[in-house]
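What follows is a set of notes on a single structure, which appears directly below.
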Number of protein chains: 2
Amino acid sequence: MDHRDSGFFADQASLEMEDFVLLDYCFESVIEPAAAAAHLCQEQSTAQWQRVGVDEDLRERFGAKVIDLAVTGVFDQPSHPVPSIETAKTYQCRVRIAHPHRNFGPRIPNFLTAALGEGAFYSPGIAAIKLMDVEFPQSFLRHFEGPKFGVQGLRDMLQVYDRPIFFGVVKPNIGLSPDDFAELAYQSWLGGLDIAKDDEMLSDVPWSPLRERAEKAGKARLKAEEITGERKIYLANITDEVDRLIHLHDIAVERGANALMVNGMTTGLSAVRMLRKHTRVPLVAHFDFIAPLTHISYFGVHSKVMTKLQRLAGFDVIIFPGFGARMKTPDEDVSSSVQECLKPWGHIKRVLPVPAGSQWAASTGMLYERLKTVDFGIVPGRAVFAHPMGPKGGAASLRQGWEAAVSGQSLEVYAQNHKELQLAIESNS
Amino acid sequence: MDHRDSGFFADQASLEMEDFVLLDYCFESVIEPAAAAAHLCQEQSTAQWQRVGVDEDLRERFGAKVIDLAVTGVFDQPSHPVPSIETAKTYQCRVRIAHPHRNFGPRIPNFLTAALGEGAFYSPGIAAIKLMDVEFPQSFLRHFEGPKFGVQGLRDMLQVYDRPIFFGVVKPNIGLSPDDFAELAYQSWLGGLDIAKDDEMLSDVPWSPLRERAEKAGKARLKAEEITGERKIYLANITDEVDRLIHLHDIAVERGANALMVNGMTTGLSAVRMLRKHTRVPLVAHFDFIAPLTHISYFGVHSKVMTKLQRLAGFDVIIFPGFGARMKTPDEDVSSSVQECLKPWGHIKRVLPVPAGSQWAASTGMLYERLKTVDFGIVPGRAVFAHPMGPKGGAASLRQGWEAAVSGQSLEVYAQNHKELQLAIESNS
């Protein structure tokens, strides 16, 4: 059988592309690549395409279709030992599949089912597979609201247009009373943070009820705004069971939180989309529970896809693992997530990328040099809150680090007249 | 520094165990194992445990603690190449961590953040990590409702107590009109299916609105019950955006669906817990989007943990990858998921395991022999709906397969007087 005739192949030119989402997979096959690609389409769409005794073929309208297939390598065995698959000649392939979105509609869970469900991971002959990219046509995209604020909305809130945004995670991250928390946040705002935030582990807990924390941090924020003459944000983490998200939004926002964080994959991206319809403040994504999906080079989902889906769900800011040894992420993966945040995407607003991990005063300059844009944030924790001069000094050292970068001076030279920066350099070496 | 003194180690005997969830990880470390384990606790709990200038130590009350650590192997390099980690002496370790649940409370997203968030996957020196098991104390578990029906409730609905449950996925899985769908389901019930179900890809779509499908399949179900004298279930897939789940529950149940399926990881387990509070019928889990978390032996999450969390969220039936080459899952992983469904677990009801994948008439006998219980289901698709005699014949062949097993006859001998089984054997060989 020639698999090109199987009903699961098509010329892209012959398709009405507005009807399809494009799925770009890498896979490793121990069977003939075209047969494996046909199976992959069959299993993720119309696994059985006719009834017994009925002359019909549902593939034309409902079948996913291979529109491009390339063998990118041949190996002696798959990267991933599969119980049922003996060591065998293995084809490493790249396939582009056009999947008719009428099969699932403009809904995140149903899209995930199609692209990353049983069809993708249990297709015959395929030992390993990774979803590398996805493209949605306008006919699909138009059903999504996307971010409510985006980069521009966040900048308008802060009235900051010409530099990166300084986030900081209040530390100690868990265990503080709301009073102590608010005091640390206050000091960090005075020092120069734009956004003091809850750690991703800090939620609505009896020893720090969100109601009380938001009230106290909210008041401290207003005081800091008055003293500094700058706009400030208290970013509260409302990650919780999905039937509490709207309620927690209201509690936090009414008391003074003016941005909210959700660990999107632990609550589910669909819950974020729900929250987006309701929210009055920017939504910030944290990356918990994404690593097990993305970290294996030949298996799972590419991190850029997860970034794209978070933007689609309606986040205004996406925190993800950044550059550097600490975050165990290839540089090109970080760069592609930055691009997914910032590139034009129809009516879906640009979102602020925050490539995170062990950041300090030098991070803004290094990121600016690499990204060639000021549209990003940094989100240190200990560099602010374990600074020898405390959070006010720590936050000041971040601002000084950026001033050095803008002035064209080295960090060391600029530090000669800036004690907070000098201490940051000493702490970090 | 002796890491045993770091504040992240404890004797289990010294802890009030009701205050802790137990997390059992495998990890591969390129640094000294005790240092790696201490980092792992620190990163997942109180990453910075004192304020600058304050004499305090938040670790005692909020720190996760190593209660057992063993080196299980030493290798030349990690299984998983990490950009920042050179090939280096690698310790394969097993660690048991007691994490104080006051840090996150009895909530699924916050538990996932603690156990599978940034702390687990970005801990210094750890190249690969997998969460192998988790145990919840009664003080945590009592906040969860768990399954509403469980095995017993489902059996009471069907009035079937002495044999496995016959599910079948109506195929063609997508593309059928509600009328055609209902007719196939009807035939399969007449033939002997207990439960005719929507495919995981079939949701509330314009070409088969759930409202209409549930109405027609619901009527067909009543007719089949009248004719066969048996109770039947129409299992509708309501997987959708989370803010539609309750609405779709009501639409489907009011019209005649008497069980509902949700692809739990694509909607999020927290959404399932929400639905559980509302549901009037049993909830059935499909395993889409779990494979990328579980399939790598040294990375991610063990499939038994995902099964346990689905039971905790309130599913009454859990469909998961079963035995055999098709499902690419080690036998022991399948067995441990079966156990997670059926073992006593405080007030949390037992749930029906459905180890799935390419099943047919022989599957019940083989599973019974292996599992030594009738408390399981099978869920074929093509064995019923592509059977040469159509779905009625296909469903009959399943019942005959079980009759053969009970009678002690071989399938082949029993098939001599049972044409449907005979044809199933021929189709399957």
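The values are calculated or read from the model by the stated rules, or taken from the named source; none is laboratory data. Just so we're clear, the structure is a prediction, and the values are computed from it rather than from any experiment. Counting neighbours? That spans all protein chains shown, and the Cβs are built from the backbone with ideal geometry, glycine included. We work out accessible area using only protein heavy atoms, side chains counted, and drop any ligands, DNA or RNA first. Shrake-Rupley method; radii C 1.70, N 1.55, O 1.52, S 1.80 Å.
Values as computed for the structure displayed
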quantity	calculated
Cα long-axis angle, helix A:303-313 against chain A (0 to 90 degrees, to the nearest 10)	80 degrees
Modelled FRET efficiency - R0 41 Å, B:Ile227 with B:Lys277, Cβ distances, 0.05 increments	0.70
From phi via Karplus (6.51, -1.76, 1.60), per-residue ³J(HN,Hα) for region B:34-40 in Hz, x at Gly/Pro	5, 5, 4, 5, 5, 4, 4
Distances in nm from A:His347 to the matching label points in the other copies, shortest first (labels 7 Å along Cα to Cβ)	4.7
Averaged over B:40-46, number of beta-carbon atoms from partner chains that fall within 10 Å	2
Cβ nearest the rotation axis (B onto A), residue from chain B and distance to the nearest whole Å	B:Gly268, 1
Net +/- balance of residues flanking A:His418 in space, Cβ distance below 14 Å, scoring K and R +1, D and E -1	-1
Antiparallel DSSP beta bridges within the protein assembly as shown, as percent of all bridges there, nearest 5	50 percent
Cα shape, region B:6-70, gyration tensor, a/c 1.5 rule	oblate
Loss of accessible area when A meets B, both sides summed, Å² nearest 100, probe 1.4 Å	8000 Å²
Distant-in-sequence amide H partners of B:Lys65 (H built 1.01 Å from N, under 5 Å)	B:Ala98, B:His99
Gap separating the Cα centres of region A:157-231 and region B:372-429, nearest whole Å	64 Å
Separation between Cα centres of region B:306-359 and region A:257-280, rounded to whole Å	30 Å
³J(HN,Hα), Karplus 6.51/-1.76/1.60, whole Hz, each residue of region A:68-83, x for Gly, Pro	7, 9, 9, 8, 9, x, 10, 10, 7, 7, x, 5, 10, x, 10, x
Nm distances between copies for A:Ser407, ranked from closest, using label points 7 Å along Cα→Cβ	9.3
Net +/- balance of residues flanking A:Leu58 in space, Cβ distance below 11 Å, scoring K and R +1, D and E -1	0
Sparse-neighbour loop sites [trypsin sites (Lys or Arg not before Pro); region B:62-117; at most 13 other C-beta within 10 Å; DSSP]	B:Lys89
Apportionment of accessible area to carbon and sulfur, the protein assembly as shown, percent (1.4 Å)	49 percent
Residues of type aspartates and glutamates that A:Lys349 reaches as a straight line, Cα spacing below 12 Å, ignoring anything fewer than 8 places off in the same chain	A:Glu145, A:Asp316, A:Glu340
Reachable aspartates and glutamates from B:Lys419, criterion Cα separation under 15 angstrom, eight or more residues apart if same chain	B:Glu403
GNM top mover of B:Phe75, B:Phe121, B:Phe20 - chain B, alpha-carbon springs below 10 Å	B:Phe75
Most mobile of A:Glu215, A:Glu16, A:Glu254 in a GNM of chain A (Cα contacts under 10 Å)	A:Glu16
Per-residue HN-Hα couplings for region A:223-233 [Karplus 6.51, -1.76, 1.60; θ = phi - 60°; Hz; x = Gly/Pro]	5, 5, 5, 5, 6, 8, x, 10, 6, 10, 10
Max mean-square fluctuation residue, GNM over chain A, Cα-Cα springs under 10 Å, options A:Ser139, A:Ser397, A:Ser203	A:Ser139
5 angstrom amide H check on B:Gln77, placed H, neighbours 5+ away	B:Thr90
7 Å along Cα→Cβ, label-point gaps from B:Gly229 to other copies, nm, shortest first	9.1
Within 10 Å of each Cβ in A:260-266, the average number of Cβ atoms from other chains	4
Percent of beta bridges antiparallel (DSSP, chain A, rounded to nearest 5)	50 percent
Protection-proxy order for peptides A:332-339, B:370-377, A:262-269, each taking the mean of Cβ atoms within 10 Å per residue, highest first	A:262-269, A:332-339, B:370-377
For A:Asn237, residues with placed amide H under 5 Å, excluding near neighbours	A:Asp198, A:Met261
When each of B:Lys219/B:Lys392; B:Lys130/B:Lys343; A:Lys197/B:Lys65; A:Lys304/A:Lys372; A:Lys65/B:Lys232 is checked by Cα-Cα distance, pairs over 29 Å	A:Lys65/B:Lys232
